[in-house]
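Presented below is the structure to which this report refers.
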Amino acid sequence: MTTELPKFYRVRQNFQSSRIENVAEAVNAELAKINLGEVVKPGETIAITVGSRGIANIALIIKTTIEHLKSIEAVPFIVPAMGSHGGGTAEGQAGVLAGYGITEEEMGVEIRSSMETVVVDTTSHGIPVHFDKHAYEADHVLICGRVKPHTRFVGDIESGLHKMMLIGLGKHEGAKIYHRAIEDISFEEIIKAVGKSVLEKCSIAGGLAIVENSYDETGLIEAISPGQFYEREKALLTIAKDWLPRLPFTQTDLLIVDRIGKNISGSGMDACVVGRKYNDHAATEHDNVAVKRIMVRSLTAETHGNALGIGLAEFTTQRTVDSVDWKITKINANTGSHPTSAMIPLAYETDREAIEAALQTIGLTTPENSRIVQIYDTLELSEVVVSETFLEEINQRDDLEIISGPFELPFDAQHNLSSVFDEPQH
């Protein structure tokens, strides 16, 4: 006997945020502002960092940066800057970049991928400062990365240029020691101490900060001089927090997530979006949303089996568990000192079974009256599928628009759902 579920609506969220129309033009204009030609002499090498996140237009941004550097007669090359991702191997990290269209052939420069680091300093806390060997041997380094709220740590600086200097260019060895240190010392202290060392000792020529809008589009690009890294990143984080995509409702009984992966978020699904930043399985007073249960349907292809973040969910499917590469997932979870993020939720053979099981655990609310939201992932929240129990609130809000419905959840013959964007119209 199947559980009675509510009817559903497809809803569009209307976010207010900025969007850059000509990304290449914006990159060139910003890089021109920091006058790299006054720092980088003709014939000098400059390493450009590229991380493991799925950043909108990242291949175009890096390609344009390379062309700008070549125009001042510099010799640019790319360094994968991603801690332990890609299985903690040089080949794996180059493979992550290739998945984003960043290859030597496409970019027209070398990609120097290595896990080898140089210890360039020791902080006052006794923490060795690791830095990618290829980047250290370059005449200059340009730090390129997205600024956004971190999925676990809180401070004036969270995820961005400083984190790229620490975790990204620290590679596996640096990422391990910094994440261990964070268990005893505040994230803010480590960011400041290691960032100061890197800026002083590693020939940082500048930074290129990217902020995405609520639609997973390039909203802002800013080139930053090394002396301005901290203050500008602090200001950009405020913008990024304001532009972070959000779930449509503050209270949800069951959140169905079509896909998670390292290209979506460092935590597989953005813990800031789903209200699990401070506690893996419950919202706290610091979270903006409260979700009782999360069910994950799949991993992205781009995550290459890295299922970090699956441990934030309570329910999943056996096919999702079977798709996990446990070796690289364990490496990433332990490096990040967050083993619970890789723990296996209750796994069921079908989506319907997982959903019905989850709805048995939401309290006194009956399944037909439950508040259910289905999303594609935590980057793409422009369209969502929501249960009819939210209808009264939807009708009272200007930022939500019903596209279609009501309809039954479209389970196929195997009792599995389509993703939000593959769902047939009703």
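Summary of values
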| read-out | value |
| --- | --- |
| Search result, residues across region 267-281 that are within 17 Å of the chain's Cα centre (by Cα) and open to solvent by 20 Å² or more (accessible area, probe 1.4 Å) | C272, K277, Y278, D280 |
| Criterion (over 17 Å from R259 (Cα atoms), free of Cβ contacts under 8 Å to residues at least 24 places away in the same chain, out of contact with any helix residue (DSSP H, G or I) (no Cβ under 9 Å at 6 or more places or on another chain) and not assigned by the TED database to the domain that holds R146) met by exactly one of A357, A413 | A413 |
| Condition check for N28: surrounded by fewer than 21 Cβ atoms within 10 Å (Cβ to Cβ), outside the structural domain of D270 (by the TED database), of a type outside the set (V, I, T) and touching a Ser or Thr at 6+ places or on another chain (Cβ under 8 Å) | yes |
| Tally, over region 170-190, of residues that are among the charged types (D, E, K, R), touching a residue at least 60 places away in the same chain (Cβ under 8 Å) and either part of a loop (DSSP other than H, G, I, E, B) or closer than 22 Å to M269 by Cβ (or both) | 1 |
| Contacts under 6 angstrom Cβ, first residue in region 138-155 being among the acidic types (D, E), partner surrounded by fewer than 24 Cβ atoms within 10 Å (Cβ to Cβ), 6 or more apart | D139/E44; D139/T45 |
| Residue count, region 52-92 (criterion: in a helix (DSSP H, G or I), within 28 Å of N22 (Cα to Cα) and open to solvent by 20 Å² or more (accessible area, probe 1.4 Å)) | 7 |
| So Y215, is it part of a helix (DSSP H, G or I) and open to solvent by 10 Å² or more (accessible area, probe 1.4 Å) | no |
| Residue count, region 93-102 (criterion: open to solvent by less than 20 Å² (accessible area, probe 1.4 Å) and closer than 23 Å to K330 by Cα) | 3 |
| Some residue of region 41-49 being touching a Gly at 6+ places or on another chain (Cβ under 9 Å), outside any loop (DSSP other than H, G, I, E, B) and of a type in the set (G, A, S) | no |
| Every residue from region 296-314 that is open to solvent by 10 Å² or more (accessible area, probe 1.4 Å), part of a helix (DSSP H, G or I) and closer than 14 Å to G266 by Cα | E302 |
| Elements of type strands (runs of 3 or more DSSP E) in region 315-406, at least 1 residues being among the aliphatic types (A, V, I, L, M) | 346-348, 372-375, 383-387 |
| Residue match in region 275-287 (condition: touching a residue at least 12 places away in the same chain (Cβ under 8 Å) and among the aromatic types (F, W, Y)) | no |
| Residue in region 282-292 that is open to solvent by less than 20 Å² (accessible area, probe 1.4 Å) and touching a helix residue (DSSP H, G or I) at 6+ places or on another chain (Cβ under 6 Å) present | yes |
| Some residue of region 147-154 being in contact with a helix residue (DSSP H, G or I) (Cβ under 6 Å, 6 or more places away or on another chain), open to solvent by less than 20 Å² (accessible area, probe 1.4 Å) and over 30 Å from I239 (Cβ atoms) | no |
| Selection count where residues are more than 17 Å from K148 (Cβ to Cβ) and in contact with a strand residue (DSSP E or B) (Cβ under 6 Å, 6 or more places away or on another chain), scope region 226-244 | 1 |
| Flag for S186 being of a type in the set (S, T, Y), open to solvent by 20 Å² or more (accessible area, probe 1.4 Å) and modelled with pLDDT under 85 | yes |
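The values are calculated or read from the model by the stated rules, or taken from the named source; none is laboratory data. This structure is a prediction, so every number in the text was calculated from the model and none was measured. All Cβ positions, even for glycine, are placed from backbone atoms using ideal geometry, and neighbour counts span all protein chains on display. Heads up: the accessible areas ignore ligands, DNA and RNA and are worked out on the full protein's heavy atoms, side chains in. Shrake-Rupley method; radii C 1.70, N 1.55, O 1.52, S 1.80 Å.
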